[in-house]
Structures are given as C-alpha cells and as structure tokens.
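Trainee: Sending over a structure as structure tokens; questions will come in a sec.
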Amino acid sequence: TQLLEQSPQFLSIQEGENLTVYCNSSSVFSSLQWYRQEPGEGPVLLVTVVTGGEVKKLKRLTFQFGDARKDSSLHITAAQPGDTGLYLCAGEPDSNYQLIWGAGTKLIIKP
Amino acid sequence: DAGITQSPRHKVTETGTPVTLRCHQTENHRYMYWYRQDPGHGLRLIHYSYGVKDTDKGEVSDGYSVSRSKTEDFLLTLESATSSQTSVYFCAIKRIQNSPLHFGNGTRLTVT
C-alpha cells in the first residue's frame with residue numbers, strides 16, 4: 001500500500017513567520033498536487049508539480065517536487081492570517097490514477 | 001468555481017436507517033468521486049465513476065453503494081447507517097484522467 005506522510009499535522013505560528021510543510025513517501029509519483037481547504041468547504045487545488053526537482057511559486061508559497069519524485073514541500077514566506085487552513089498533498093502514482101492523500105496539515109496563523 | 005452541488009449539507013440519522021447523499025454537477029465531467037474525510041485520515045476514496053453506469057470501489061467501500069444513471073448525478077447510499085459512518089462526505093469531479101479534482105462543499109453526516 002502506498003502511503004504519503006505529511007508533517008507536521010498541526011502548526012500554529014505568528015504572522016510574519018516562515019514555515020515549511022512536508023509530504024514524504026517511499027513510492028514514486030508521476031505528479032503531486034497541493035490543495036488548501038477552509039472550514040465548511042471542499043479542498044481547492046493550489047498547484048500540481050510533475051517534474052523531479054520542479055519548483056513552482058504562487059505569491060508567497062513555494063512548492064518543490066523532490067528529484068526522485070517521492071517527496072514534496074510547501075514553504076510559506078511571511079505567513080499571513082489569510083493562509084490559515086488545512087493543507088493537503090496528494091500524489092498520483094505511476095501505476096494507476098487514484099490519488100494517494102496525505103493526512104493534512106492544519107495551519108493557524110495568529111495576527 | 002466548478003458547478004458541484006452536494007445535498008443535503010447536513011444530515012443527522014439513526015443507526016440502521018438508509019441514507020442517500022447526492023452530488024450534482026453542471027460541468028459535464030466524466031469522472032466523479034465520493035470521499036470521506038475524518039480527522040487524522042485525510043481523504044479516503046469510497047467509490048468512483050468513470051461514466052454513466054460505470055463505477056468502481058475505492059479503499060473504504062464497505063457499507064456504501066453508488067449509482068450514476070446520468071452524467072450529472074452521482075448518488076452515494078448507506079444501506080444501513082452505522083456510527084462509524086459519521087463523517088464529512090465530499091464529492092469531486094474531474095474532466096479527464098490527468099486533471100485536478102474539483103470538490104463540492106461536503107455533507108456532514110452524523111449517525112446516532
């Protein structure tokens with residue numbers, strides 16, 4: 001069974017601080033997606049990374065796909081209260097198309 | 001936003017009763033999914049559909065059945081609800097295989 005371990009599970013920091021969320025696996029993925037979910041809503045796609053070593057930036061968010069396509073990270077610079085939410089990673093295995101989901105990181109940014 | 005509507009948004013039911021959740025899309029997407037979300041587990045796939053009358057089981061399909069008689073509707077049925085099925089249920093759609101998922105806003109189901 002393929003697993004995607006996401007860490008930390010919970011993070012509470014002050015506005016202006018930097019943070020990194022990790023998604024790690026022993027399996028290779030053809031792509032990895034990051035979603036953000038707010039209370040009472042469904043997850044919304046932030047980015048998809050598909051190439052080993054790829055780095056994508058979305059304003060203050062930087063996403064990186066590991067060289068071996070087994071892990072990914074999300075780095076937020078100068079976090080703001082609006083970044084508060086549940087961040088989920090999901091990997092698409094090479095062998096089939098059903099996504100493998102991490103358990104999520106609940107992020108709280110305090111003003 | 002993708003046109004996905006889940007109904008009802010909230011449901012409280014008793015153990016042993018049947019429950020049907022509905023997902024309706026206006027995007028004409030081929031693929032539709034039912035997930036449940038529980039603390040510490042992330043999203044777990046219950047069933048999915050790759051076309052009208054074409055469905056398959058996900059990793060947590062026991063106790064659930066689905067039907068898709070029209071492109072736009074995907075129904076999830078709990079034949080006899082149990083307390084372990086208390087959860088938030090999300091429907092998702094996608095246009096083609098290598099495209100991202102678009103989620104509905106969920107149904108919070110409580111089985112007492």
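Trainee: Residues of the protein assembly as shown: accessible area per residue at 1.4 Å, in Å²? Can you show the working numbers first?
Mentor: On the way: 10830 Å² over 223 residues.
Using a 1.4 Å probe on heavy atoms only, each residue of the protein assembly as shown averages 49 Å².
Trainee: Still on this model: What share of the DSSP beta bridges in the protein assembly as shown is antiparallel, in percent to the nearest 5? Kindly include the intermediate steps, with their values, before the conclusion.
Mentor: Numbers: 74 of 83 bridges.
Here the antiparallel bridges make up roughly 90 percent for the protein assembly as shown.
Trainee: Still on this structure: A:Ser7 to A:Val50: FRET efficiency via 1/(1 + (r/R0)^6), r the Cβ-Cβ distance, R0 35 Å, to the nearest 0.05?
Mentor: Details: r = 23 Å, r/R0 = 0.65.
For A:Ser7 and A:Val50, the calculated efficiency is 0.95.
Trainee: While we're here: What is the Cα convex hull volume of the protein assembly as shown when expressed per residue in Å³? Please list the in-between numbers first.
Mentor: Values: hull volume 26.1 nm³, N = 223.
Per-residue hull volume (Cα only) is 117 Å³.
Trainee: Within region A:1-18, list the residues whose amide N lies under 18 Å from a label point set 7 Å along Cα→Cβ of B:His41.
Mentor: A:1-6
Trainee: Quick check: with the 1.4 Å probe, what order do A:Lys70, A:Lys59 take by accessible area, largest first? The partial results should precede the final answer.
Mentor: Numbers: A:Lys70 70, A:Lys59 200 Å².
From most accessible down to least: A:Lys59, A:Lys70.
Trainee: In percent, how large is the relative contact order of region A:5-110, given Cα pairs closer than 8 Å and 6 or more residues apart? Provide the component values of the computation, followed by the final result.
Mentor: Working: 271 pairs, mean separation 38.4, N = 106.
The value is 36 percent.
Trainee: Right, another one. Other chains near B:36-42: what is the mean number of their Cβ atoms within 10 Å of each residue's Cβ? Walk me through the numbers before you get to the answer.
Mentor: Working: counts 0, 7, 1, 4, 3, 3, 12.
Whole-number average of other-chain Cβ neighbours for B:36-42 is 4.
Trainee: Beyond a 27 Å Cα-Cα separation, which of these cross-linked pairs lie in this structure: A:Lys57/A:Lys110; A:Lys110/B:Lys11; A:Lys56/B:Lys70; A:Lys57/B:Lys57; A:Lys56/B:Lys94; A:Lys59/B:Lys57? Present the calculation step by step, with values, prior to reporting the outcome.
Mentor: On the way: A:Lys57/A:Lys110 23 Å; A:Lys110/B:Lys11 33 Å; A:Lys56/B:Lys70 38 Å; A:Lys57/B:Lys57 36 Å; A:Lys56/B:Lys94 22 Å; A:Lys59/B:Lys57 38 Å.
Over 27 Å apart, Cα to Cα: A:Lys110/B:Lys11; A:Lys56/B:Lys70; A:Lys57/B:Lys57; A:Lys59/B:Lys57.
Trainee: Specify the residue with the greatest mean-square fluctuation among A:Pro93, A:Pro81, A:Pro39, computed from a Gaussian network of chain A linking alpha-carbon atoms under 10 Å apart.
Mentor: The residue with the greatest mean-square fluctuation here is A:Pro39.
Trainee: Can I ask one more? Total Å² of accessible surface buried at the B-A contact, 1.4 Å probe, nearest 100? Let's see the in-between values first.
Mentor: Numbers: alone 6110 and 6050 Å², together 10830 Å².
The B and A chains share an interface burying roughly 1300 Å².
The values are calculated or read from the model by the stated rules, or taken from the named source; none is laboratory data. Only a predicted model underlies this, so the values are computations on that prediction, with no experimental measurement involved. Reconstructed Cβ throughout: ideal geometry from the backbone, glycine too, with neighbour counts over all protein chains shown. Accessible surface is based on the protein model in full, side chains and every heavy atom, while ligands, DNA and RNA are left aside. Shrake-Rupley method; radii C 1.70, N 1.55, O 1.52, S 1.80 Å.
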